[in-house]
Amino acid sequence: MKIDPASIKKILLIKLRGIGDVVLSTIIFDSLQTAFPEAQVDFLTEKASKDFLLPLDEISNVYIFNRGSTKDRLKLIPKIRKQKYDLVIDLFSNPATAQLTRLSGARYRLGFPYRGRKYAYNLFGQEARAKVHSADLHLELISALGIKPENNGFKFGLTEDAKLFANNYLSELNSTNDLICAIVPGGGWQSKRCDPSVFANIADSVIEKFGAKVLILWGPEDKNEAEQIKLKMINNCLFAPPTSLLEMGALLKNVDFTIANDSGPMHISVAVETPTLSLHGPTSPFLQGAFGAKNETVRYDELSCIECNLLECNRKHECFLELPIERVLESVRRLLDKNGIRKN
């Protein structure tokens with residue numbers, strides 16, 4: 001089906017799941033703006049991602065998909081139909097979002113033709129998931145619109161208040177001339193979380209080998225692990241105060257580099273253009289790692305169980321507990337060298 005770009009005045013994007021998944025989907029924003037410069041773009045997602053989408057100039061409205069309430073989801077249907085979207089892009093394509101896309105009333109409906117969902121769309125992405133990074137998968141999807149995708153990176157909206165918070169916090173540390181490394185221990189699955197003892201060793205080694213200051217960032221679910229890392233470290237570190245999502249993003253934007261698990265904060269660090277090293281065990285660095293040439297990934301490839309994709313490890317978490325520290329430090333060195341990061 002050929003699309004007349006001039007006919008596209010309103011677009012709805014749909015992407016559910018975690019913050020990191022939604023950050024990855026923002027890679028299509030520039031392509032859509034180039035192809036449909038006059039179109040209003042709205043976004044349907046889950047509550048956690050609303051805060052960073054609203055400050056973005058590319059997004060006009062954000063609608064919330066409530067997984068826990070069938071009543072709320074049913075109310076979305078007339079609300080979406082009332083907006084008279086010309087194009088709906090379902091970047092998630094599960095049964096619920098496929099149904100919503102089909103009932104949207106949009107003339108053009110783009111999604112993945114997974115089994116039982118093809119009825120919802122008249123424009124289709126790949127039928128079988130290609131072995132490409134999740135970011136590239138989103139770019140490939142919108143090529144079905146007859147446009148040439150642009151890879152200009154991700155988007156993460158920061159408010160002025162969040163920027164001010166980060167500037168004030170870091171200025172109080174008098175760290176202008178210091179090399180600052182953010183350590184972020186979070187991760188959606190337990191098996192994706194690097195063990196505190198290993199993260200403490202990584203943090204100490206970064207201090208000793210590269211002369212960096214280490215700033216441990218954490219969310220409410222990560223505080224215990226963050227505190228364990230601090231306790232297990234030999235050297236002193238900086239321990240961030242409680243932060244909102246946007247305040248964490250602003251801090252990540254103002255450090256020199258980040259070391260993080262495969263997690264939402266890792267993708268946020270990439271989105272705010274901070275050189276990032278992602279640590280991997282059960283997940284693939286090629287499909288979910290820190291995206292882009294300026295970033296690095298590391299894992300213990302020799303393990304027979306590597307990339308198991310298990311939510312909880314059924315062994316001894318060797319992917320992190322036995323990850324050679326020399327391999328991590330070599331990845332850090334490449335990260336610093338390729339980005340020209342040096343401070344005294």
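Any read-out appearing in this document is the output of simple, stated calculations on the displayed coordinates, not a laboratory observation. Predicted model, so just to flag it, every value in this text is computed and none were measured. Quick reminder, even Gly has a Cβ in these numbers, built from the backbone with ideal geometry, and neighbours come from all protein chains shown.
Compactness of the range 244-302 was expressed as the Cα radius of gyration divided by 2.2 N^0.38 Å, which yields 1.08. Relative to the Cα centre, the charge distribution of the chain, modelled as +1 at Lys and Arg Cβ and -1 at Asp and Glu Cβ, gives a dipole magnitude of about 1520 debye.
Note on the range 160-338: dipole from Cβ charges, positive end direction compared against L170, F291, L335; the farthest Cα belongs to L335. Short-range pairs are left out: with C-alpha atoms under 8 Å and at least six residues apart, the relative contact order of the range 160-338 is 23 percent. Considering only L56, Y121, P78, and ranking their Cα positions along the charge dipole of the range 5-145 that arises from unit charges at the beta-carbon of Lys, Arg, Asp and Glu, the one farthest toward the positive end is P78. Based on the convex hull around the alpha carbon atoms, the chain presents an average projected area of 17.8 nm².
Counted as membrane-span-like here are DSSP H helices of the chain whose alpha-carbon atoms extend 15 Å or more along the helix's own axis and whose Kyte-Doolittle mean is 1.6 or above; there are none. Here the range 217-316 carries DSSP beta bridges of which approximately 0% are antiparallel, counting only pairs with both residues inside. Give me the net charge of K9's neighbourhood, meaning all other residues with Cβ under 14 Å from the Cβ of K9; Lys, Arg count +1, Asp, Glu -1. Charge balance near K9 sits at -1.
Spherically averaged projected area of the convex hull of Cα atoms, the range 13-153: 8.0 nm².
Rounded to the nearest 20 debye, the dipole size of the range 160-338 about its Cα centre is 120 debye, using +1 on the Cβ of Lys and Arg and -1 on the Cβ of Asp and Glu.
For the range 75-229, the Cα-based Rg and Dmax, in that order, read 22.2, 60 Å. For the listed peptides 252-261, 315-324, 81-90, a ranking on the average number of other beta carbons within 10 Å per residue, highest first, reads 252-261, 81-90, 315-324. Descending by average beta-carbon neighbour count within 10 Å, the peptides 242-251, 207-216, 31-40 line up as 242-251, 207-216, 31-40, the highest first.
Positive end of the dipole of the range 160-338 (Cβ unit charges, origin at the Cα centre): among V214, I268, C313, the Cα lying farthest that way belongs to V214. The value of relative contact order for the range 33-140, using C-alpha pairs under 8 Å at least six residues apart, is 16 percent. The dipole here belongs to the range 118-162: it is taken about the Cα centre, uses +1 on the Cβ of Lys and Arg and -1 on the Cβ of Asp and Glu, and is about 300 debye.
Derived value for the range 160-338: Kirkwood hydrodynamic radius 16.1 Å. Basis is the mean of 1/r over every pair of different alpha-carbon atoms.
Electrostatic bookkeeping for G153 treats Lys and Arg as +1 and Asp and Glu as -1; over the other residues with beta carbon under 12 Å from its beta carbon, the sum is -1.
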